[in-house]
Amino acid sequence: MKIKYDNLPKKTKKKVYEEYSKKNPDLSKKLNRLMIITIIGIAYGIFMFIYDLFSKNGTFSIVLDIIVFVFCILSIIKLFSIKKNLLEKFLKNKK
């Protein structure tokens, strides 16, 4: 029987994440830290894009800001998928 983390109710998801973070506090902290860094990177990319657009810096600066923004978005998507896969493995091992 394959357990789908996506099909669980919201309260059960929170409970499973709390149990997982109690058993693996280091990995949970690392994932949260990476999530915060990517959110800061997204904010930085947006801010610098707007700044470069209005200050009329070169196109290189604008392209660089867009690249930073895109890589931060891709990394946050990958972090969510890693988190989901870890929690699904945890649920399989639990039952």
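Some values worked out for this structure:
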| read-out | value |
| --- | --- |
| Cα-based helix-to-principal-axis angle, 25-55 vs the chain, degrees rounded to 10 | 20 |
| Computed lengthening from THR12 to PHE54, 0.36 nm per intervening residue step minus Cα-Cα distance | 10.4 nm |
| When the chain is reduced to its Cα atoms, the Kirkwood hydrodynamic radius in Å | 15.4 |
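Values in this text are rule-based calculations from the coordinates and carry no lab data. The model shown is predicted, which means the values in this text are computed figures rather than measured ones.
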